[in-house]
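Have a look at the structure below, then the notes.
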Amino acid sequence: MGNPELTENKNQVQGIQISGSLIARNAVLNLIGQALPLLVAVIAMPFVVRGLGTERFGLLSLAWVVMGYFTIFDLGLGRATTKFVAEALGKGEGSRVSQIIWTAVTVQAIMGAIGALALYGATDYLVQRVLNIPPALIYEAEVTFHLLAFAIPVVMLTSSFSGVLEATQRFSLVNAIRIPSSTLTYLLPLVGLYLGMGLHGIVALILLARLAALIAFVAINLHIRPELRFYSASFKLLSRLASFGGWITVTGIVGPILVYLDRFLIGSLLTIAAVTYYTAPYEAVTRLFIISGSLTMTLFPAFSALEGKKNSHRLGALFARSIKYILITTGAFAVMIWLFAEEILQIWLGADFVSESTASLQILALGVLINSLSYAPFALLQGLGRPDLPAKFHMIELPAYIIVVWILISNFGISGAAGAWTLRVALDALLLFWAALKVSNLSLNVMENNGAILAGASLVILAGVGYVMKTVTGDLSLYAQSFLVLGLLIPFAWMVWSRVFDGSDRRVVLNIIKAQEIAGSTQ
């Protein structure tokens, strides 16, 4: 028997169950799926560095880059697969799913094979001329890069088969595979070191784990969608997939430049030490992106399915509520970092970072909140089939950002870099929100009707009260500071639950808690 609370406010989209509870549950699963491997990486990294040595660890880092980020060269077909499968299901055109998947997989197999041959053939040149590798490690590096060549098609094909599960909101299955696979990326080097393996042996173990993940994704897809057992590629679909995926690729290329340009300019205009003072707090505070990222991973296929169903009312409500949830989660963390930046740096990195990095950390905390909010319109535009708009915005922003970050770093140091980055993401957020509202024909009233405006006001109150209390209390001990944090967050949580949340939000939270209790009792 179904639970009436779970069926309330649902929209059945041809086998895709779009509901607040489902979106929230999947967001939690995605958060765990990102946070757990990150935690394992933090714990394992020092042991791996000591076991391999600096130079071999550098090569392993390159291997992680290839295995983790080579999907940028898949022409965006993994993301396109998720989009068009969800859209087809939303339109009730389930018969097209097999053609979409096999078309994307075929092209990715071809591109992966080309990429593998290119990397295999270029290995000698890379190892002996491009990378400054000691002579004693030349052979080991060559074998490692040859293995990485085989990893390219594996990684690319995985993105399509996992994208099918994402399109059908089966994030429990996605994370059941992705969490072990990602975790093994950091644990297998320790296993290899324990067994006395060299670097190429460790990379081989990681490659086998990734291959096992691909096989698992294929097997699950064949079980869930038996029609995939029959090859049915249709190259008439290729132009649509390539058009959508091409703009995803542009975003994937320009985006990292916008992210990493500032630290190169800091190293050029200031000092290498300044890069450290900027990068350490930046890398820490931007980990908050896993909250908004986890939510929008499930929003993207949901938006695609609802767009296929032409359900603009549900689309607007889902969009506005995602903004509300990001404000009250990421926003609360960002405010606490802004208020207690000095204390955080003192405990974490020491007095030198307090004097050098406090201002930049506070500015970056604001920027992270703004950028987190832009994840929702970014996912909405891609879900509506307009990936060209975020890509075009990034291309417009890049030349202006180069000028602004150069000027601000030259005049204000790393605080100027933080300010330039925050200004850039603020402009990006404005453009994305404007475009998303225009393309979807939504008005700002949808924000007010679904509590997003009230959530923003609550966050402003939290920041204002926190600033006044911290100013009045002056210098407090660490023990007293922890009570101050609780004294701020507990009333904020009460205000969110009683004023910002409506009955639907509260049911979502209670359903998630209930589902966790049921899962725990069955173990």
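Return only the number of the condition from (1) closer than 30 Å to residue 62 by Cβ; (2) of a type outside the set (Lys, Arg); (3) loosely packed, with under 15 Cβ neighbours inside 10 Å that residue 248 does not satisfy.
(3)
Looking at 29, 22, 60, 38 in this structure, which one is at pLDDT 65 or above, buried (at least 17 other Cβ atoms within 10 Å of the Cβ) and more than 27 Å from residue 87 (Cα to Cα)?
On the way: 29 fails: more than 27 Å from residue 87 (Cα to Cα); 22 fails: more than 27 Å from residue 87 (Cα to Cα); 38 fails: buried (at least 17 other Cβ atoms within 10 Å of the Cβ).
The match here is 60.
Just wondering, is there one or more residues in the stretch 189-210 that are closer than 23 Å to residue 91 by Cβ and touching a residue at least 24 places away in the same chain (Cβ under 8 Å)?
Residues of the stretch 189-210 that are closer than 23 Å to residue 91 by Cβ, as a first pass: none.
The answer is no; no qualifying residue exists.
With aromatic (Phe, Trp, Tyr), surrounded by 23 or more Cβ atoms within 10 Å (Cβ to Cβ) and out of contact with any strand residue (DSSP E or B) (no Cβ under 8 Å at 6 or more places or on another chain) as the only criterion, which of 289, 319, 340, 235 stands out? Step through it out loud before you land on a result.
Details: 289 fails: surrounded by 23 or more Cβ atoms within 10 Å (Cβ to Cβ); 340 fails: surrounded by 23 or more Cβ atoms within 10 Å (Cβ to Cβ); 235 fails: surrounded by 23 or more Cβ atoms within 10 Å (Cβ to Cβ).
None of the others qualify; the one that does is 319.
Could you give me the residue pairs with C-beta distances under 9 Å whose first residue belongs to the stretch 279-296 and is free of Cβ contacts under 8 Å to residues at least 40 places away in the same chain, whose second residue is open to solvent by less than 20 Å² (accessible area, probe 1.4 Å) wherever it lies, and which are 6+ apart or on separate chains?
Correct list of pairs: 279/266.
Taking the condition over 20 Å from residue 326 (Cα atoms) and either of a type in the set (Lys, Arg) or assigned to a loop (DSSP other than H, G, I, E, B) (or both), does residue 385 pass?
Working: over 20 Å from residue 326 (Cα atoms): yes; either of a type in the set (Lys, Arg) or assigned to a loop (DSSP other than H, G, I, E, B) (or both): yes.
Yes.
Between residues in the stretch 168-184 that are touching a residue at least 12 places away in the same chain (Cβ under 8 Å) and residues that are outside any helix (DSSP H, G or I), which pairs lie under 7 Å by C-beta distance while being six or more apart or on different chains?
Partner pairs satisfying both residue conditions: 168/15; 168/16; 169/16; 169/17.
Tell me whether the stretch 279-288 contains one or more residues that are more than 30 Å from residue 91 (Cβ to Cβ) and of a type in the set (Lys, Arg). Working first, answer last.
Kept after step one, since they are more than 30 Å from residue 91 (Cβ to Cβ), are these residues of the stretch 279-288: 279-288.
The next check asks that each one be of a type in the set (Lys, Arg); those that pass are 287.
Yes, because at least one residue in the stretch 279-288 is more than 30 Å from residue 91 (Cβ to Cβ) and of a type in the set (Lys, Arg).
Could you identify the single residue in 484, 444 that is among the aliphatic types (A, V, I, L, M) and over 20 Å from residue 314 (Cα atoms)? Let's see the steps before the verdict.
On the way: 444 fails: over 20 Å from residue 314 (Cα atoms).
Exactly one of 484, 444 is among the aliphatic types (A, V, I, L, M) and over 20 Å from residue 314 (Cα atoms), namely 484.
When residue 72 is evaluated against the numbered criteria (1) at pLDDT 80 or above; (2) under 17 Å from the mean Cα position of the chain (by Cα); (3) among the aliphatic types (A, V, I, L, M), which criterion, by number, is the only one it fails?
Every listed condition holds for residue 72 apart from (1).
Inside the stretch 334-379, can you point out the residues that are among the aliphatic types (A, V, I, L, M) and part of a loop (DSSP other than H, G, I, E, B)? Lay out the reasoning, then the answer.
Of the residues in the stretch 334-379, the ones among the aliphatic types (A, V, I, L, M) are 334-337, 339, 341, 344-345, 347, 349, 351, 354, 359, 361, 363-366, 368-370, 373, 376, 379.
Passing the criteria: only 349.
So how many residues does the stretch 108-141 have that are surrounded by 13 or more Cβ atoms within 10 Å (Cβ to Cβ), within 25 Å of residue 158 (Cα to Cα) and not β-branched (Val, Ile, Thr)?
Count: 10.
To keep it simple, each residue is scored yes or no on (1) farther than 22 Å from residue 321 by Cβ; (2) crowded, with 18+ Cβ neighbours inside 10 Å; (3) of a type in the set (Val, Ile, Thr); (4) at pLDDT below 90.
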site	(1), (2), (3), (4)
429	no, yes, no, no
434	no, no, no, no
443	no, no, no, yes
448	no, no, no, yes
455	no, yes, no, no
459	no, yes, no, no
462	no, yes, no, no
473	yes, no, yes, yes
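Select, from 193, 188, 208, the only residue that is under 19 Å from residue 40 (Cβ atoms) and open to solvent by 70 Å² or more (accessible area, probe 1.4 Å). Let's see the steps before the verdict.
Values: 193 fails: open to solvent by 70 Å² or more (accessible area, probe 1.4 Å); 188 fails: open to solvent by 70 Å² or more (accessible area, probe 1.4 Å).
Criteria check complete, one pass: 208.
Looking for whichever is in contact with a Ser or Thr (Cβ under 7 Å, 6 or more places away or on another chain), in a helix (DSSP H, G or I), within 30 Å of residue 353 (Cα to Cα) and of a type in the set (A, V, I, L, M) here; the options are 400, 426, 463, 418. Which one fits?
Numbers: 400 fails: in contact with a Ser or Thr (Cβ under 7 Å, 6 or more places away or on another chain); 426 fails: in contact with a Ser or Thr (Cβ under 7 Å, 6 or more places away or on another chain); 463 fails: in contact with a Ser or Thr (Cβ under 7 Å, 6 or more places away or on another chain).
Unique residue meeting the criteria: 418.
Being touching a residue at least 12 places away in the same chain (Cβ under 8 Å), among the small types (Gly, Ala, Ser), in contact with a helix residue (DSSP H, G or I) (Cβ under 9 Å, 6 or more places away or on another chain) and under 28 Å from residue 167 (Cβ atoms) is true for just one of 426, 435, 418, 455. Which residue is that? First the steps, then the outcome.
Working: 426 fails: under 28 Å from residue 167 (Cβ atoms); 418 fails: under 28 Å from residue 167 (Cβ atoms); 455 fails: under 28 Å from residue 167 (Cβ atoms).
When all the criteria are applied, what remains is 435.
The values are calculated or read from the model by the stated rules, or taken from the named source; none is laboratory data. Because the structure is predicted, anything quoted here is derived from the model rather than measured. So basically every Cβ, Gly included, is an ideal-geometry build from the backbone, and we count neighbours across all protein chains shown. To get the accessible areas, we keep the full protein, side chains included, count just its heavy atoms, and leave off ligands, DNA and RNA. Shrake-Rupley method; radii C 1.70, N 1.55, O 1.52, S 1.80 Å.
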